Amino acid sequence: MQVLFTLCGLIAVGFVLLITIYLVISGIPAIRKIGLFRFLFGKTWAAGQNQYGILPLILTSLYGTAGAIVIGVPIGFFTAVFLAKVAPRKVANVIRPAVSLLAGIPSVVYGLVGMCVLVPALRNWLHLPAGDSLLAAIIVLAVMILPSIISLSETALEAVPREYEEASLALGATKLETYFRVSAPAAKSGIAAAVVLGIGRAIGEAMAIMMVAGNVANMPALTRSVRFLTTGISIELNYSQDGSLQRQALFSIGLVLFFFIMLINAFLNLVLKREKED
Amino acid sequence: MKKVFSVMLVAALAVSTLTGCSGNGKGGTVNTDGSTSMADVMGALTEAFKEKEPNITVNYSGTGSGSGISGVLDGTCDIGLSSRELKQEEMDQGAVAHVVALDGVAVVVNPQNAVSDLTTEQIADIFTGKITNWSELGGSDAPIAVYGREDGSGTRSAFEEIVGVEGACVYTNEYGSTGDVIGNVASNENAIGYASLSAVDSSVTAVKVNGVTPGEATVKDGSYTIQRPFVMVTKEGVKLSEAAQAFLDFASGEEAAEYITAAGAVYPN
């Protein structure tokens with residue numbers, strides 16, 4: 001029996017290894033040909049003119065993720081406090097399934113709603129030629145990361161020992177003071193893990209933002225069409241010639257993205273480890 | 001009696017398989033090389049040809065029109081593929097063009113848009129960002145959203161090449177498929193985009209270019225200018241192999257018309 005379990009564990013590890021090796025092998029040649037510096041810090045991506053600089057893509061991914069975190073984390077955190085501490089049980093029992101339902105919606109549906117509702121709305125409000133923009137992508141991403149932030153933060157908040165809060169209340173603190181001064185700090189590593197997980201989801205998302213971001217490799221600006229690392233790969237993969245520098249460069253983008261995800265994962269592990277030590 | 005019948009059946013089957021397999025007795029390999037835009041047409045043609053001549057293998061490698069033409073001139077491939085007309089210097093070196101298909105690109109706008117007739121210069125100005133408002137073209141006062149395809153798309157390279165705006169386009173949005181371009185032009189009143197002529201439907205308006213309505217007929221007679229030929233190139237004085245000749249005959253014959261149309265191009269004759 002133990003052999004079976006070990007085997008299953010090895011399969012997962014094997015796939016990670018396989019993907020890593022494949023990405024490195026197929027991602028390195030283009031970086032070599034283009035030059036690491038020119039690839040990472042080049043400001044123009046235009047396969048037609050043989051220019052493969054992914055700085056706009058990297059910055060867009062960073063700005064987009066940061067924007068989603070800035071909007072999504074406060075909303076998610078306050079919802080978690082509400083669910084864990086404030087809400088009457090009946091209300092919480094309505095909101096909680098709604099949040100889990102939000103987590104289950106496929107990303108293409110987020111993209112579709114964004115494309116059909118959000119993008120035309122932005123176009124009319126801001127008088128843009130087209131509503132597809134970094135802003136639209138940030139809003140969609142913010143909604144997409146809400147469920148993981150809410151449920152993880154809520155779990156962390158509920159794990160705070162009752163005695164802490166009772167002690168605080170007994171000392172004369174109001175309920176709100178207790179939640180934000182006692183419960184939240186006690187749950188901080190869990191909340192941090194929620195944020196990191198949200199970052200991971202946001203930076204890896206492709207489908208939904210491809211439908212609302214416009215996909216031109218511009219330097220990021222809120223109301224302009226932008227291209228993320230993820231969408232950069234998916235939009236050009238179909239028509240790039242097998243074995244061409246363009247195709248190879250797309251794999252190199254994948255390698256860069258993989259590197260970002262690894263960083264985020266390592267960070268997440270660090271946060272979780274610290275939580276255990278606490 | 002039964003035995004005789006089955007023997008006859010076996011014999012009949014054997015004969016039919018023999019004739020089925022051998023075709024006209026031709027065999028061999030045809031190497032074609034060139035335009036990436038011709039991938040769809042070549043795919044349809046080779047597939048249909050495979051059924052007709054199962055013993056002939058047609059290889060296609062998409063390296064670009066220029067290298068396809070030089071390939072056939074250097075003798076590294078049997079048939080070169082070019083999605084532009086041959087240049088004089090290429091013809092001087094003995095390149096011979098066989099036009100197998102025409103590729104029309106329609107410029108599409110939203111049906112709400114009052115602008116329905118543009119000149120090639122106006123189109124170039126719109127796509128390079130010199131004209132940014134529909135009012136400059138006699139439309140309503142609204143910004144122009146320029147929609148196009150991603151780098152590597154055959155439609156994009158065709159459009160930019162013919163209009164003369166290669167690498168100079170300022171796109172508002174880029175999309176990964178023709179359907180996306182049409183769908184998004186259909187849903188945005190400010191938008192202009194381009195799509196292969198065969199993909200245009202009633203959800204968008206294909207504008208007149210220099211006063212000519214795009215269509216199969218106007219592409220064929222050459223009056224619709226945003227089009228380019230798909231050319232098979234051979235070298236003068238070099239005799240094609242039997243297999244290559246058979247493929248060229250098939251591709252430029254009437255039989256190929258339905259496959260060329262199915263691949264989204266216009267049959268020229």
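Please find, among A:Ala202, A:Ala193, A:Ala159, A:Ala208, the residue that is more than 14 Å from chain B (Cβ to nearest Cβ), surrounded by fewer than 22 Cβ atoms within 10 Å (Cβ to Cβ) and not acidic (Asp, Glu). Spell out the reasoning first.
Details: A:Ala202 fails: surrounded by fewer than 22 Cβ atoms within 10 Å (Cβ to Cβ); A:Ala193 fails: surrounded by fewer than 22 Cβ atoms within 10 Å (Cβ to Cβ); A:Ala208 fails: surrounded by fewer than 22 Cβ atoms within 10 Å (Cβ to Cβ).
Going through A:Ala202, A:Ala193, A:Ala159, A:Ala208 in turn, the sole match is A:Ala159.
I'd like the residue in segment B:16-53 that is assigned to a loop (DSSP other than H, G, I, E, B) and of a type outside the set (Ser, Thr, Tyr) and, out of all such residues, is modelled with the lowest pLDDT. Quick ask: steps written out before the conclusion?
Going through segment B:16-53, the residues assigned to a loop (DSSP other than H, G, I, E, B) turn out to be B:23-27, B:35-38, B:53.
Cutting the leftovers down to of a type outside the set (Ser, Thr, Tyr) gives us B:23-27, B:38, B:53.
Working: B:Gly23: 45, B:Asn24: 51, B:Gly25: 55, B:Lys26: 71, B:Gly27: 79, B:Met38: 84, B:Glu53: 88.
Ranking the qualifying residues of segment B:16-53, first place goes to B:Gly23.
Run A:Ser240 past the list (1) closer than 30 Å to A:Ile150 by Cα; (2) assigned to a loop (DSSP other than H, G, I, E, B) and report the number of the one that doesn't hold.
Condition (1) is where A:Ser240 drops out.
Tell me whether segment B:61-70 contains one or more residues that are assigned to a loop (DSSP other than H, G, I, E, B), more than 23 Å from B:Lys26 (Cα to Cα) and touching a helix residue (DSSP H, G or I) at 6+ places or on another chain (Cβ under 8 Å).
Scanning segment B:61-70, I find at least one residue that is assigned to a loop (DSSP other than H, G, I, E, B), more than 23 Å from B:Lys26 (Cα to Cα) and touching a helix residue (DSSP H, G or I) at 6+ places or on another chain (Cβ under 8 Å), so the answer is yes.
Scan B:Asn269, B:Asn173, B:Asn188, B:Asn210 and give me the residue that is among the polar types (S, T, N, Q) and under 27 Å from B:Gly68 (Cβ atoms).
Values: B:Asn173 fails: under 27 Å from B:Gly68 (Cβ atoms); B:Asn188 fails: under 27 Å from B:Gly68 (Cβ atoms); B:Asn210 fails: under 27 Å from B:Gly68 (Cβ atoms).
Step by step, each of B:Asn269, B:Asn173, B:Asn188, B:Asn210 is checked, and only B:Asn269 is among the polar types (S, T, N, Q) and under 27 Å from B:Gly68 (Cβ atoms).
Residues A:Ala137, A:Ala46: which one is closer than 17 Å to A:Arg201 by Cα, in contact with a Gly (Cβ under 7 Å, 6 or more places away or on another chain) and within 14 Å of chain B (Cβ to nearest Cβ)? Full working, then the answer.
On the way: A:Ala46 fails: closer than 17 Å to A:Arg201 by Cα.
Checking each option against the conditions leaves just A:Ala137.
Every residue in segment A:220-266 that is in contact with a Pro (Cβ under 6 Å, 6 or more places away or on another chain) and within 18 Å of A:Leu59 (Cβ to Cβ), please. Quick ask: steps written out before the conclusion?
Here is the first cut: in segment A:220-266, the residues in contact with a Pro (Cβ under 6 Å, 6 or more places away or on another chain) are A:226, A:248.
Of everything in segment A:220-266, just one residue is in contact with a Pro (Cβ under 6 Å, 6 or more places away or on another chain) and within 18 Å of A:Leu59 (Cβ to Cβ), namely A:Val226.
With respect to B:Gly152, is the statement that it is in a loop (DSSP other than H, G, I, E, B) and within 8 Å of chain A (Cβ to nearest Cβ) true? Break it down stepwise before answering.
Details: in a loop (DSSP other than H, G, I, E, B): yes; within 8 Å of chain A (Cβ to nearest Cβ): yes.
The answer is yes for B:Gly152.
If you scan segment A:105-114, which residues turn out to be assigned to a helix (DSSP H, G or I) and among the hydrophobic types (A, V, I, L, M, F, W, C)?
Those that are assigned to a helix (DSSP H, G or I) and among the hydrophobic types (A, V, I, L, M, F, W, C): A:Val108, A:Val109, A:Leu112, A:Val113.
Considering only residues of segment A:75-91 that are touching a Leu at 6+ places or on another chain (Cβ under 8 Å) and surrounded by 16 or more Cβ atoms within 10 Å (Cβ to Cβ), which is farthest from A:Val140 (Cα to Cα)?
First pass over segment A:75-91, keeping only residues touching a Leu at 6+ places or on another chain (Cβ under 8 Å): A:75-76, A:79-81, A:84-85.
Of the ones still in play, those that are also surrounded by 16 or more Cβ atoms within 10 Å (Cβ to Cβ) are A:76, A:79-81, A:84-85.
Values: A:Gly76: 14, A:Thr79: 18, A:Ala80: 20, A:Val81: 23, A:Ala84: 25, A:Lys85: 28 Å.
Of everything passing the filter in segment A:75-91, A:Lys85 is farthest from A:Val140 (Cα to Cα).
Quickly run through segment A:219-232 and pick out the residues that are surrounded by fewer than 23 Cβ atoms within 10 Å (Cβ to Cβ) and within 9 Å of chain B (Cβ to nearest Cβ).
If the condition is that a residue be surrounded by fewer than 23 Cβ atoms within 10 Å (Cβ to Cβ) and within 9 Å of chain B (Cβ to nearest Cβ), then A:Arg224 is the only one that fits.
Could you list all residues from segment A:49-74 that are within 14 Å of another protein chain (Cβ to nearest Cβ) and surrounded by fewer than 15 Cβ atoms within 10 Å (Cβ to Cβ)?
Of all residues in segment A:49-74, those within 14 Å of another protein chain (Cβ to nearest Cβ) come to A:49-54, A:56-57, A:60.
Of everything in segment A:49-74, those that are within 14 Å of another protein chain (Cβ to nearest Cβ) and surrounded by fewer than 15 Cβ atoms within 10 Å (Cβ to Cβ) turn out to be A:Gln49, A:Asn50.
Give A:Leu40, A:Leu83 a once-over and let me know the one that is touching an Asp or Glu at 6+ places or on another chain (Cβ under 9 Å) and in a helix (DSSP H, G or I). If you could, list the steps in order and put the result at the bottom.
Values: A:Leu40 fails: touching an Asp or Glu at 6+ places or on another chain (Cβ under 9 Å).
So the residue among A:Leu40, A:Leu83 that is touching an Asp or Glu at 6+ places or on another chain (Cβ under 9 Å) and in a helix (DSSP H, G or I) is A:Leu83.
Any idea which of A:Leu57, A:Leu17, A:Leu102 is part of a helix (DSSP H, G or I) and free of Cβ contacts under 8 Å to residues at least 12 places away in the same chain? Write out each step before concluding.
Working: A:Leu57 fails: free of Cβ contacts under 8 Å to residues at least 12 places away in the same chain; A:Leu102 fails: free of Cβ contacts under 8 Å to residues at least 12 places away in the same chain.
One residue alone meets the criteria, A:Leu17.
Starting from residues that are of a type in the set (A, V, I, L, M) and either part of a strand (DSSP E or B) or more than 9 Å from chain A (Cβ to nearest Cβ) (or both), keep the ones in segment B:155-170 and report whichever is nearest to A:Gly243 (Cα to Cα). Quick ask: steps written out before the conclusion?
Initial filter on segment B:155-170 (of a type in the set (A, V, I, L, M)): B:158, B:162-163, B:165, B:168, B:170.
Now restrict to residues that are either part of a strand (DSSP E or B) or more than 9 Å from chain A (Cβ to nearest Cβ) (or both): B:158, B:162-163, B:165, B:168.
Values: B:Ala158: 22, B:Ile162: 27, B:Val163: 29, B:Val165: 27, B:Ala168: 26 Å.
It comes out as B:Ala158.
So which helices (runs of 4 or more DSSP H) are wholly in segment B:171-269 and hold at least 1 residues that are β-branched (Val, Ile, Thr)?
On the way: elements: B:178-187, B:216-220, B:242-252, B:257-262.
Passing ranges, in order: B:178-187, B:216-220, B:257-262.
The values are calculated or read from the model by the stated rules, or taken from the named source; none is laboratory data. Just so it is clear, the model here is predicted, and its values are computed rather than measured. Cβ sites come from the backbone with ideal geometry, for glycine too, and all protein chains shown count toward neighbours.
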